[in-house]
Amino acid sequence: MSDFRVRPVDSDDAEWIAQFIAERWGAEFVVAHYEVYHCRDLPGFVAIEQEEKVGLVTYAIAGDDCEVVSLDSLRPSVGIGTGLIDAVKAEAVESGCKRLWLVTTNDNMNALRFYQKRGFVLVKINRNAIEFARNLKPVPLIGAESIPLRDEIELEMMLGD
């Protein structure tokens, strides 16, 4: 396990978040389920290891739902992603949310494995949803492991009781 801490994002993080998202997601914004999110304007948490920012999660709360908009770790398989998800989950519960949810792409086997191991379940496929994102930013036709990149998969975790 990595020696890191998690803290809420603050206004001083905005430029770093914009640059980090641009590097990791191909633009300063994220497109999911036909919505555009500017992550630097969202609440979130940063993972810090030896004063270096090594992970980020952003989220949006709407009613009883908390959506994980982005999740990235620069140190895979050492607990950073789990720590960030746990922070959002705690915030969602504290905010009275009943559901924590997110979307990932059909090619992202690592994400599908990660989220399911942490209690998320697959609930919906948005067929050909990636075409919308391709109209807004460069998104490859072929994704990880040479899988055609075209669909979004929605996962959720029910919170509370």
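Return the FRET efficiency for the residue pair H33, M109: r is the Cβ-Cβ distance, R0 is 22 Å, and the value is rounded to the nearest 0.05. Approximately 0.65, to the nearest 0.05. List the Cys residues of the chain that have no partner Cys with a C-beta closer than 4.7 Å. Result for the chain is C39, no neighbouring Cys Cβ within the cutoff. Among A144, A27, A92, the residue with the largest mean-square fluctuation in a Gaussian network model of the chain, with springs joining Cα atoms closer than 10 Å, is A144. Comparing mean-square fluctuations of D64, D107, D72 from a GNM of the chain with C-alpha springs under 10 Å, the top value falls on D64.
The gain in end-to-end length when the D86 to L141 segment is fully stretched comes to 16.6 nm, 0.36 nm per residue minus the alpha carbon separation. About its Cα centre, what dipole magnitude does the chain give when the only charges are +1 on Lys and Arg Cβ and -1 on Asp and Glu Cβ, stated in debye to the nearest 20? Dipole size: approximately 540 debye.
Pick out, in residue order, every one of the GluC sites (Glu not before Pro) in the range 1-78 that is DSSP loop and has at most 11 other C-beta atoms within 10 Å; say none if there are none. Hits after loop and neighbour filter: E51. Using only Cα positions of the chain, each an equal point scatterer, no hydration layer, compute I(q)/I(0) via Debye at q = 0.18, 0.19 Å⁻¹ and quote the log10 values to two decimals. Taking Cα atoms of the chain as identical point scatterers yields -1.21, -1.35. Build a GNM of the chain with springs between Cα atoms under 10 Å apart, and of S73, S95, S11 the one that fluctuates most is S11. Of all the accessible heavy-atom surface of the chain, with the other protein chains kept in place and a 1.4 Å probe, what percent is carbon and sulfur? The value for the chain is 49 percent carbon and sulfur by accessible area.
In the full protein context, the range 1-155 carries 53 Å² of accessible surface per residue, based on a 1.4 Å probe and ignoring ligands, DNA and RNA.
Taking a point 7 angstrom from the Cα of R24 along the C-beta vector, which residues in the range 66-82 have backbone N less than 12 Å away? Label zone hits: 69-76, 80-82. Of the three principal axes defined by the Cα atoms of the range 49-127, the extents in descending order read 36, 32, 18 Å. Between K117 and E51, the contour length at 0.36 nm per residue exceeds the alpha carbon distance by 20.9 nm.
The values are calculated or read from the model by the stated rules, or taken from the named source; none is laboratory data. Bear in mind the structure is a predicted one, so any value in this text is a computation, not a measurement. Note that we place each Cβ from the backbone using ideal geometry, even for glycine, and neighbour counts take in every protein chain shown. Side chains are part of the model used for accessible areas, which takes the heavy atoms of the whole protein and leaves out ligands, DNA and RNA. Shrake-Rupley method; radii C 1.70, N 1.55, O 1.52, S 1.80 Å.
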